[in-house]
Amino acid sequence: MNPEEFRAAGHQLIDWIADFRTRLPTLPVRSPAAPGEVRRRLPVEPPTGTVPFDQLLSDLDEVVMPGMTHFQHPAFYGFFPANASLSSVLGDLASGGLGALGITWQANPALTEVEEVMCDWMRQLVGLSTDWRGTIFDTASTGGLVALMAARERASRFSMREGGLQALPSPLVVYTTEEAHSSIPKAALLAGFGDDNIRLVEVDRSTFAMDPAALGAAIKEDIAAGRKPAVVVATVGTTATTAIDPVKAIAAVGRSNDLWVHVDAAMAGTAMLLPECRWMWEGVDDADSLVWNPHKWMGTVFDCSLFYVKDPAHLVGVFSSNPSYVRAAVDGQVTQYRDWGIPFGRRFRALKLWFQLELDGVESIKERVRRDLAGAQWLKEAAEATPEWRVLAPVPLQTVCLRHEPTGRSSDEVDAHTLSWVEAVNKSGQAYLTPARLDGQWMVRVSIGSLTTERSDLEALWGLMRSAAEAQ
Ligand SMILES: Cc1ncc(COP(=O)(O)O)c(C=O)c1O
């Protein structure tokens, strides 16, 4: 494809995307596709020739669209908001068009320096201290793994340079809670801590937040047993219920025991744009590393996960690799983000953040976040005021966890009832919700925050949920 052909096709594609976004509310939220249905619409053999762009666009409509569950739909309340603001989509397109690869600073000075500035803008926008330096990873899962590897090397005094974990006299221990995202225990396993050395610290059963006294007790017990506490992961806005671990108290316990403190605010970070929400991560400046995802609620198209660290020199000590073909005269004067994490080549992710901030403006993002916080309170109050509905966890952010509990039913019957009415809602295509387990029972999470979800959408959802539950 030459630039002129690209220009023509690109105009068509932009029109297609704009039309798609306009007609989104008329589409079913959850894909009606059965397993294998999309695959069957594609030829088994790779193409031998070429097709005109028009043909590909109609394949997008016929092959891909029926297999799409629409996160951008105003009635999307599943998982968590993963908004793709069109301003950031333009930034992503610019990044792809430039075809940049940030292997070293010299390989693309703009890639590194725009990223440094974006990370610093975002730091200021959420009120973090100047002690933090940031980078952009693909996901919070990567950030969690990097944090745990950095913590491992600090606790083991760079065991990787000798016999690794296998040569350590005492096992290193990771502390988190059962409410932490699954990427945290996964990162602990990948970083070599081992399942026996992951402690799920008790949570307060009414808030689902980590109990710092229980953390202190668990650390004491491990030390007495000859193990070495290495790292604690606190979550601000857990995945299931958006519970808020008390970062300040956790960091105090962690620091007094020489632990690395990692804060996972993947979802809640967006709320920290609002000064009135920052109590939720009070003490965050006492942590060693922090992750939050503009690619969730804030609306930067996936993938864009901010990772902040206090001591980048330590990260470089853990992750640096310096083959001869990347050395340059500027080494030592510039940031080499390659040495801050795992990949060698890095995308120009900062462009989509920059485009979104400049084109949409921070104030409009904040306004939207406030709208969603208020929407969640509205739904919580509506459910609390309705017989047989129960709100199961505090609602500090945009997620409401609830259950319809018809009188006289056993907990197994309520479980079956919950899964059945949620499926009825999802199958209708009019809204999408994800059920989850909480305290051993099924419940429904209503995760509000799609770009275009207004109060009228929430009112329609509440009506739909009630009629689906009452019809079962
Ligand atoms: C609290 C929390 N941490 C981490 C993640 C994982 O995010 P990512 O997909 O960026 O790895 C999620 C996603 O749901 C989350 O809610």
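FYI, it's all coordinate maths here, none of it is from the lab. The structure presented is a predicted model; accordingly, all values stated were derived computationally and were not measured. Using ideal geometry, Cβ is built from the backbone for each residue, glycine included, and neighbour counts are taken over all protein chains shown.
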Review point. Quick one: Karplus J couplings for the range 315-330, per residue in order, coefficients 6.51, -1.76, 1.60, θ = phi - 60°, nearest Hz, x for Gly and Pro?
Key: 4, 4, x, 7, 9, 5, 9, 9, x, 4, 6, 10, 6, 8, 5, 7
Review point. Please state the relative contact order of the range 48-165 as a whole percent: Cα pairs under 8 Å, 6+ residues apart?
Key: 9 percent
Revision key, fill the gap. So, relative contact order of the chain in percent, Cα under 8 Å, 6 or more apart, is 22 percent
Check your understanding: Got a sec? Charge dipole of the range 316-405, +1 on Cβ for Lys and Arg, -1 for Asp and Glu; which of GLN336, LEU353, LEU397 is way out at the positive end?
Key -> GLN336
Exercise for review: Would you work out the charge dipole size for the chain about its Cα centre, treating the Cβ of every Lys and Arg as +1 and the Cβ of every Asp and Glu as -1, and quote it to the nearest 20 debye?
Suggested key: 520 debye
Exercise for review: Among HIS262, HIS314, rank each residue by its count of other Cβ atoms within 10 Å, from fewest to most, as a rough exposure measure.
Suggested key: HIS314, HIS262
Exercise for review: State the antiparallel share, in %, of DSSP beta bridges confined to the chain, rounding to the nearest 5.
Suggested key: 60 percent
Practice item. Among LEU165, MET65, GLY96, flag the residue with its Cα farthest along the positive direction of the charge dipole of the chain, charges on Cβ as +1 for Lys/Arg and -1 for Asp/Glu. Key: LEU165
Exercise for review: Only helical DSSP H runs with n ≥ 4 go in: add -39500 (n - 2.57) per run for the chain, normalise by residue count and round the 222 nm mean residue ellipticity to 500 deg cm²/dmol.
Suggested key: -12500 deg cm²/dmol
Revision key, fill the gap. Sorting GLN12, ALA34, VAL51 by the position of each Cα along the dipole of the range 1-52 (Lys, Arg +1; Asp, Glu -1; all at Cβ), the one nearest the positive end of that ordering is ALA34
Exercise for review: Could you pull out every residue, at least 5 positions away or on a different chain, whose amide H is within less than 5 Å of the one on ALA209? Hs are placed 1.01 Å off N in the peptide plane, and Pro or chain starts have none.
Suggested key: ASP204
Check your understanding: Within the range 185-204, whose backbone N sits under 16 Å from a point 7 Å along Cα→Cβ of ILE342?
Key -> 185-194
Revision key, fill the gap. Taking trypsin sites (Lys or Arg not before Pro) in a DSSP loop with at most 16 other Cβ atoms within 10 angstrom as exposed, one finds the longest site-free stretch of the chain at 206-326
Review point. What full-extension length gain, to one decimal in nm, is calculated for THR434 and ARG370 as 0.36 nm per residue of separation minus the Cα-Cα distance?
Key: 20.8 nm
Check your understanding: With each pseudo-label sitting 7 Å past Cα toward Cβ, what's the ALA329-ALA385 distance in nm, one decimal?
Key -> 7.2 nm
Review point. For the chain, which span is the longest to avoid every loop-located (per DSSP) member of GluC sites (Glu not before Pro) having at most 15 other Cβ atoms inside 10 Å?
Key: 1-161
Point to revise | Mean separation of Cα contacts under 8 Å, 6 or more apart, over the residue count of the range 385-429: relative contact order % | key: 27 percent
Review point. Name the residues of the range 280-303 whose amide N is less than 18 Å from a point 7 angstrom out from the Cα of ALA313 along the C-beta direction?
Key: 288-289
